Each structure stands twice: as structure tokens, then as C-alpha cells.
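The structure appears right after this line, and notes come after that.
Quick note: the coordinates plus some simple rules give every number you see, no bench work behind them. What you see is a predicted model; the values in this text were computed from it and never measured. Here Cβ is always computed from backbone atoms with ideal geometry, including for glycine, and neighbour counts include all displayed protein chains.
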Amino acid sequence: MEHELSATFSYKIMDCNTDGWARVEFIHETLGRLTKPNVFIPLNHSAEEQRGAIVMQFPARAFHSRYLAQLARAGKPLAPASLVGQFTYRIDRPMEDPVGLPMDTQKV
């Protein structure tokens with residue numbers, strides 16, 4: 001059985017200016033490391049909010065590209081599961097979700 005790819009990432013702040021801009025290295029055990037040079041950290045917020053701000057700026061596309069490259073090297077098929085599909089969309093109700101479930105709305 002093939003080893004499942006870990007969903008756990010970590011980060012390390014390489015340097016940070018007094019205005020909150022930092023260079024952050026995001027780390028994955030098999031996909032490697034990526035350094036993002038301009039990550040904003042709200043220094044006047046709690047530690048939890050600062051961690052959340054860093055995670056919100058996670059370079060997901062770059063890591064996804066690395067993942068696809070890893071699959072290609074392993075000989076895995078990089079194609080859609082199906083070339084055709086079907087969904088419903090109500091032209092007369094454009095605010096509904098394309099998969100047929102109405103979006104949650106909130107009265108203000």
C-alpha cells in the first residue's frame with residue numbers, strides 16, 4: 001500500500017520588520033520548503049491571530065505544483081477523472097449554488 005501524503009505543514013519566520021512584514025519559510029516533510037518573502041503578520045494581535053494570519057498566506061498553489069510534479073515523476077496519471085460531466089444551474093435564480101444547493105443567506 002502506498003504511503004499517504006502528510007497534510008501537516010509547518011512554518012518558520014526567517015526575519016520580520018517592525019511594521020509586520022516577514023519572510024516566512026513553509027515546510028512539508030516530502031514536498032520540501034518554500035520561502036515566501038512578503039507575509040504580513042499583525043504584530044498588535046494575539047499569538048493565535050498572528051499564526052492564523054501566517055497560515056492564511058500559505059502558498060498553496062506552489063505546493064500543489066510540487067505535488068503534481070511528484071505524481072508525474074511517480075508515473076501517476078495527471079488527467080481529470082472524467083472528461084464530461086453534468087450539473088444544474090438555474091438561470092432565473094443566479095444566486096443559487098451551481099451544484100443545486102441554495103447558498104446560505106443571512107438577514108442583516
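In this structure, does Phe40 turn out to be touching a Ser or Thr at 6+ places or on another chain (Cβ under 8 Å) and aromatic (Phe, Trp, Tyr)?
On the way: touching a Ser or Thr at 6+ places or on another chain (Cβ under 8 Å): no; aromatic (Phe, Trp, Tyr): yes.
Against the criterion (touching a Ser or Thr at 6+ places or on another chain (Cβ under 8 Å) and aromatic (Phe, Trp, Tyr)), Phe40 does not qualify.
Matching residues to (1) among the β-branched types (Val, Ile, Thr); (2) in contact (Cβ under 8 Å) with a residue 40 or more places away in the chain; (3) under 23 Å from Cys16 (Cα atoms); (4) surrounded by 13 or more Cβ atoms within 10 Å (Cβ to Cβ):
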| position | (1), (2), (3), (4) |
| --- | --- |
| Gly32 | no, no, yes, no |
| Lys36 | no, no, yes, yes |
| Ser46 | no, no, yes, no |
| Ala72 | no, no, no, no |
| Ala79 | no, no, no, no |
| Val84 | yes, no, no, no |
TODO: Need at least 2 residues that are of a type outside the set (Gly, Ala, Ser) and under 15 Å from the mean Cα position of the chain (by Cα) per element, so show me which strands (runs of 3 or more DSSP E) inside the stretch 1-68 make the cut, counting only ones lying wholly within it.
DONE: 21-28, 32-40
Task: Within the stretch 14-60, considering residues that are touching a helix residue (DSSP H, G or I) at 6+ places or on another chain (Cβ under 8 Å) and of a type in the set (Val, Ile, Thr), the one farthest from Ala72 (Cα to Cα) - done: Ile41
